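One structure is given here, and the rest of the page talks about it.
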Amino acid sequence: MAQVQLQNVVKKYGAVEVVHGINLEIADNEFVVLVGPSGCGKSTTLRMIAGLEAISGGDISIGDRVVNDLPPRHRNISMVFQNYALYPHMTVRENLGFSLQIAKRPQAEIDKAVDEAAQILSLAEYMDRKPGALSGGQRQRVAMGRAIVRHPEVFLFDEPLSNLDAKLRTQMRTEIKKLHQKVKSTIVYVTHDQVEAMTLADRIVIMRDGHIEQVGTPLEVFETPANTFVATFIGSPPMNLLSGQIAGGEVAIDGGPKVTLPDQFAGKVQDGQKVILGFRADNLMPEGHAMPMEGASAEFEMVVNLSEPLGTETLLFGSLAGKEVQAKMLNPRPVADGERLQFQLDLTRCHLFDAETQQSLR
Amino acid sequence: MSRFRPPAWFVLLLPAIIILAAVVLIPLILSFYSSFTPYKLTRPETLYKWIGTFNYEKAMKSVHFWSAFGRTVLLLTVALNLEMLLGLGLALLVNKVTYGQRALRTIMMFPMMFSPVLVGFQFKFIFNDNVGLVNNALQSLGLTDRAIPWLVDGQLAFFSIVVAEMWSSTAVFAILILAGLFAVPRDPIEAAKVDGCTPWQSFRHITLPYVMPFIYIALAIRSLDVARAYDIVQIMTNGGPARRTELLWTLIGRTGYVDAKMGYANAMGYISIFLAIIFTVYFFRKLNAARSELGMAG
């Protein structure tokens with residue numbers, strides 16, 4: 001039973017502050033993913049929870065204990081590292097059992113826990129090998145096994161999949177998700193990969209420059225991004241952003257067409273306000289190749305500069321008001337570069353951000 | 001009739017063969033041969049008298065030889081272990097230093113820059129019973145009122161030699177072990193911390209296995225060094241008093257050049273070389289075992 005709480009946590013290296021007083025509450029058994037570009041402070045935050053980095057301010061508590069000054073060994077946590085961090089001179093079995101050996105548990109208990117972990121992660125065949133004789137995926141599994149034998153209150157994962165190839169990464173992602181279902185426990189997971197974040201998380205924490213930009217379920221952050229950063233960071237391809245101005249009941253895109261002000265923003269903007277219109281490629285489709293749009297939509301012409309056929313759909317790169325805009329074409333037909341097409345924009349799925357604060361106007 | 005023409009590879013290798021023969025092979029064969037003769041430097045004709053294994057038998061039966069042999073092994077064991085422990089401690093401390101570490105590392109190497117002969121003279125002075133620093137200091141502090149015969153008493157002289165050896169060579173261990181500590185990856189140490197290790201346990205179970213290969217390299221190098229120890233002892237005690245600090249090579253050196261019994265000295269030299277080979281093989285075995293522990297072998 002362990003919730004994790006961060007209150008105004010600050011990390012400074014000398015005079016440089018890298019984490020600026022973040023607040024976060026992680027519920028018991030919750031799978032929380034910290035995501036953000038490199039250098040955003042996500043790994044530092046995780047290492048502060050682990051106790052591998054001292055905190056410069058604020059409080060961290062695990063369960064109902066404030067752990068600010070506790071060394072890692074007293075925090076009842078497990079951590080899986082990016083480079084696996086296996087002990088090279090020990091066999092898989094010894095690696096798995098090491099923490100229990102250190103804790104001087106009876107041998108029978110150690111054997112049982114190790115065999116159980118080996119079972120869960122299908123490591124039984126490799127028990128007497130050393131890490132040097134294992135593949136990347138197997139090493140990653142050993143690292144996870146080492147974490148689960150201790151039945152810690154909190155699991156910490158530091159970009160555990162970033163050293164694996166794409167196929168293995170997808171496979172291990174599923175295994176981690178299964179693992180969470182099997183060994184109910186709180187997980188804090190750090191990644192820079194938004195797909196990992198979306199697929200694994202109960203809640204996603206998006207960080208940038210030592211600040212938390214938004215916390216929410218995967219669908220919340222995808223559908224209602226709090227600002228332009230989250231809008232472009234979550235989702236692939238990134239959300240299209242076009243600057244414009246409110247004019248009457250319309251959004252006038254700078255140097256481009258005017259579109260009707262989406263209903264959901266009526267009354268939330270003022271005439272003349274500078275805004276950024278955001279929409280995903282999935283909501284901009286050429287006529288005749290679109291999903292039927294139920295609510296309001298806008299139509300305009302756009303030149304397609306480049307197309308990327310993906311099979312069931314084609315990604316179109318056009319330019320609108322001098323900016324590159326991505327759109328999707330369903331039931332694709334070949335599109336010639338430079339072709340002019342009529343596009344439909346689903347206004348109910350559009351976002352408006354304040355041009356100055358970059359925050360959502362929703 | 002064509003003249004004999006040696007193959008090209010032979011001609012090309014000939015300079016190397018000649019040099020190796022002149023510098024290594026001939027002296028080796030000659031010294032090995034002379035160990036089977038009563039060769040005396042003062043009577044060159046004795047080089048042609050074959051006496052079989054007489055010199056070897058004599059050495060094997062000689063109390064002086066075996067006590068020097070035993071003392072060398074003792075010095076090797078005591079000095080290497082102390083140097084290793086001290087060097088390890090030093091390396092761990094220096095590894096913790098964040099500011100001025102480069103300067104410290106350089107200072108640490110100073111003793112290695114001194115000629116062993118000078119180290120010998122220095123410690124001969126330090127341990128001198130009348131004017132030496134140690135006795136002076138002890139007497140000034142009132143710890144003793146008599147002159148301790150550091151270099152005259154057999155056991156104290158051995159102790160003094162060990163101190164001089166350690167002063168000059170602990171740095172070898174410290175530097176090599178420090179290199180090992182630099183090579184220890186951070187991740188497994190952190191994993192151990194999270195796994196519940198105290199600082200001592202992470203050192204014992206993670207850091208030390210990583211550093212072991214470096215310790216064995218240092219031990220192998222230094223065991224050869226100490227097995228041929230000569231200069232410091234020659235200067236400090238000359239193997240005395242009354243052979244009580246006699247080591248293999250001071251004995252061999254004296255037999256060969258002072259007593260001029262080169263044949264006998266060579267025989268003892270060949271026996272001693274086996275000692276060195278055995279130690280080297282032992283430490284390299286250990287080194288390979290430690291490396292394969294870490295999955296580095298092959």
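The values are calculated or read from the model by the stated rules, or taken from the named source; none is laboratory data. Every value quoted in this text rests on a predicted model; they were computed, and no experiment measured them. We place every Cβ from the backbone using ideal geometry, glycine too, and count neighbours over all the protein chains shown.
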Discussion item. So, in region B:194-207, exactly how many residues are more than 8 Å from every other protein chain (Cβ to nearest Cβ) and of a type outside the set (A, V, I, L, M, F, W, C)?
Written reply: 4
Worksheet item: So, in region A:129-154, of the ones that are surrounded by 18 or more Cβ atoms within 10 Å (Cβ to Cβ) and not in a helix (DSSP H, G or I), which residue ends up farthest from the other protein chains (Cβ to nearest Cβ)?
Response: A:GLU153
Fill in: Qualifying residue in region B:158-166 (condition: assigned to a helix (DSSP H, G or I), in contact (Cβ under 8 Å) with a residue 60 or more places away in the chain and among the small types (Gly, Ala, Ser))
yes
Item to complete: Specify the residue that is nearest to the chain's Cα centre (by Cα); the eligible residues are those in region B:191-201 that are crowded, with 21+ Cβ neighbours inside 10 Å and part of a helix (DSSP H, G or I).
Response: B:ALA192
Worksheet item: Only one of B:LEU224, B:LEU176, B:LEU181 is modelled with pLDDT of 90 or more, away from chain A (no Cβ under 14 Å) and surrounded by fewer than 21 Cβ atoms within 10 Å (Cβ to Cβ); which?
Response: B:LEU181
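Every residue, every condition in (1) touching a Gly at 6+ places or on another chain (Cβ under 9 Å); (2) of a type in the set (Ser, Thr, Tyr), yes or no:
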position: B:LEU176; (1), (2): yes, no
position: B:ALA179; (1), (2): no, no
position: B:PHE182; (1), (2): no, no
position: B:ARG186; (1), (2): no, no
position: B:ILE189; (1), (2): no, no
position: B:ASP195; (1), (2): no, no
position: B:PRO199; (1), (2): no, no
position: B:SER202; (1), (2): no, yes
position: B:TYR216; (1), (2): no, yes
Item to complete: For region B:279-298, enumerate the residues that are modelled with pLDDT under 85 and closer than 30 Å to B:THR53 by Cα.
Response: B:PHE279, B:THR280
Response to the item:
Residue hits (region A:155-180; outside any helix (DSSP H, G or I) and touching a residue at least 40 places away in the same chain (Cβ under 8 Å)) are A:PHE155, A:LEU156, A:PHE157, A:ASP158, A:GLU159, A:PRO160, A:SER162, A:ASN163
Worksheet entry | Within region B:123-154, considering residues that are part of a helix (DSSP H, G or I) and touching a residue at least 12 places away in the same chain (Cβ under 8 Å), the one surrounded by the fewest Cβ atoms within 10 Å (Cβ to Cβ) | B:GLY154
Discussion item. Going through B:PHE159, B:PHE214 one at a time, which residue ends up being surrounded by fewer than 17 Cβ atoms within 10 Å (Cβ to Cβ) and out of contact with any strand residue (DSSP E or B) (no Cβ under 7 Å at 6 or more places or on another chain)?
Written reply: B:PHE159
Worksheet item: Looking only at region A:295-320, which residues are surrounded by 15 or more Cβ atoms within 10 Å (Cβ to Cβ), out of contact with any helix residue (DSSP H, G or I) (no Cβ under 9 Å at 6 or more places or on another chain) and under 21 Å from A:LEU261 (Cα atoms)?
Response: A:PHE300, A:MET302, A:LEU320
Item to complete: Determine whether B:ALA191 is within 14 Å of chain A (Cβ to nearest Cβ) and of a type in the set (Gly, Ala, Ser).
Response: yes
Item to complete: Report, by residue number, each residue of region A:332-347 that is closer than 18 Å to A:PRO262 by Cα and either among the small types (Gly, Ala, Ser) or out of contact with any Ser or Thr (no Cβ under 8 Å at 6 or more places or on another chain) (or both).
Response: A:PHE343
Practice prompt. Keeping to region A:107-125, report how many residues are within 24 Å of B:LEU294 (Cβ to Cβ), within 14 Å of chain B (Cβ to nearest Cβ) and surrounded by fewer than 22 Cβ atoms within 10 Å (Cβ to Cβ).
Written response: 1
Practice prompt. Please go through region A:44-64 and pick out each residue that is away from chain B (no Cβ under 12 Å) and at pLDDT 90 or above.
Written response: A:THR44, A:THR45, A:MET48, A:ALA54, A:ILE55, A:SER56, A:GLY57, A:GLY58, A:ASP59, A:ILE60, A:SER61, A:ILE62
Worksheet item: Quick one: which of B:ARG186, B:ARG243 is at the interface with chain A (Cβ under 10 Å from one of its Cβ atoms) and basic (Lys, Arg)?
Response: B:ARG186
Worksheet item: If B:PRO213 satisfies every condition in (1) away from chain A (no Cβ under 11 Å); (2) within 24 Å of the chain's Cα centre (by Cα) but one, which is the exception?
Response: (1)
Discussion item. Anything in region A:48-60 that is out of contact with any helix residue (DSSP H, G or I) (no Cβ under 6 Å at 6 or more places or on another chain) and either under 16 Å from A:VAL16 (Cβ atoms) or surrounded by fewer than 17 Cβ atoms within 10 Å (Cβ to Cβ) (or both)? List them, or say none.
Written reply: A:MET48, A:ALA54, A:SER56, A:GLY57, A:ASP59
Worksheet item: Within region A:71-93, can one find any residue that is in contact with a helix residue (DSSP H, G or I) (Cβ under 7 Å, 6 or more places away or on another chain), small (Gly, Ala, Ser) and more than 9 Å from chain B (Cβ to nearest Cβ)?
Response: no
Fill in: Flag for B:LEU118 being under 30 Å from A:GLN101 (Cβ atoms) and away from chain A (no Cβ under 14 Å)
no
Fill in: Lone qualifier among A:PHE317, A:PHE279, A:PHE300 - being at pLDDT 90 or above, within 24 Å of A:GLY249 (Cβ to Cβ) and either assigned by TED's automatic domain parsing to the domain that holds A:ALA252 or among the small types (Gly, Ala, Ser) (or both)
A:PHE279
Worksheet item: Taking region A:61-88 as the search range and keeping residues that are buried (at least 20 other Cβ atoms within 10 Å of the Cβ) and part of a loop (DSSP other than H, G, I, E, B), which one is farthest from the chain's Cα centre (by Cα)?
Response: A:TYR87
Item to complete: Scan region A:214-227 for residues that are of a type in the set (Ser, Thr, Tyr) and either in the same structural domain as A:THR348 (by TED's automatic domain parsing) or under 18 Å from A:THR348 (Cα atoms) (or both) and jot them down.
Response: A:THR224
